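Asker: Take a look at the following structure, please.
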Amino acid sequence: MVEVRPIPLTGGTAIGVKVDLPKTRLVAIATPAGYIMCGALDVRLLDDLLGARRIVAGRALGVRDFDDLLDRPLESVTHTARAIGIQPGMKGREALERLLAVEPAPAPGPAAGGAGAAAG
């Protein structure tokens, strides 16, 4: 099952996505500038292999639903997230509020991600 719903926050509205898969669940909440996600997010991959994309993202562990993602501290964040003040230990809600307050970065050109840049 897939659930998509608005997540009202003080600075605006984010979009929550929950996907039930066999034996696991993916939970993410996105803004135009970046997103936070459950433990399935590979922050190192975003920084090391997709660094040119300057993805703003954070990962929280022990997440089962949107409330968990809002209330839990971020375990790790991308370099670009750190650059705008999002830090490990920050609650998901605070990180999303910060994301709603910043302008989204322009998408890099097609060469930035190499082959398969549109994927993943």
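Asker: For a quick check of your reading of the model, give me the residue pairs whose first member lies in the stretch 58-70 and is free of Cβ contacts under 8 Å to residues at least 40 places away in the same chain, whose second is assigned to a helix (DSSP H, G or I), with beta-carbon atoms closer than 7 Å and at least 6 apart or on different chains.
Answerer: 58/81; 58/95; 59/43; 60/69; 60/92; 62/68; 63/69
Asker: Residues to consider are 71, 47; find the one that is modelled with pLDDT under 95 and among the acidic types (Asp, Glu). Reasoning before the result, please.
Answerer: Working: 71 fails: modelled with pLDDT under 95.
None of the others qualify; the one that does is 47.
Asker: Still on this structure, please answer the following. Here are 34, 12: which of them is out of contact with any strand residue (DSSP E or B) (no Cβ under 7 Å at 6 or more places or on another chain), closer than 19 Å to residue 93 by Cβ and not β-branched (Val, Ile, Thr)? Walk me through how you get there before you give the answer.
Answerer: Working: 34 fails: out of contact with any strand residue (DSSP E or B) (no Cβ under 7 Å at 6 or more places or on another chain).
Unique residue meeting the criteria: 12.
Asker: May I pose another question? From 77, 56, 17, which residue is under 16 Å from residue 92 (Cβ atoms), open to solvent by 40 Å² or more (accessible area, probe 1.4 Å) and of a type in the set (Val, Ile, Thr)?
Answerer: Numbers: 77 fails: open to solvent by 40 Å² or more (accessible area, probe 1.4 Å); 56 fails: open to solvent by 40 Å² or more (accessible area, probe 1.4 Å).
Exactly one residue qualifies, and that residue is 17.
Asker: Of all residues in the stretch 88-103, which are open to solvent by less than 70 Å² (accessible area, probe 1.4 Å) and part of a loop (DSSP other than H, G, I, E, B)?
Answerer: 88, 89, 90, 102
The values are calculated or read from the model by the stated rules, or taken from the named source; none is laboratory data. This one's a predicted model, so the numbers in the text were calculated from it and none came from an experiment. Here the Cβ is made from the backbone with ideal geometry for all residues, glycine too, and neighbour counts use every protein chain on show. Ligands, DNA and RNA are excluded from the accessible area calculation, which covers all protein heavy atoms including side chains. Shrake-Rupley method; radii C 1.70, N 1.55, O 1.52, S 1.80 Å.
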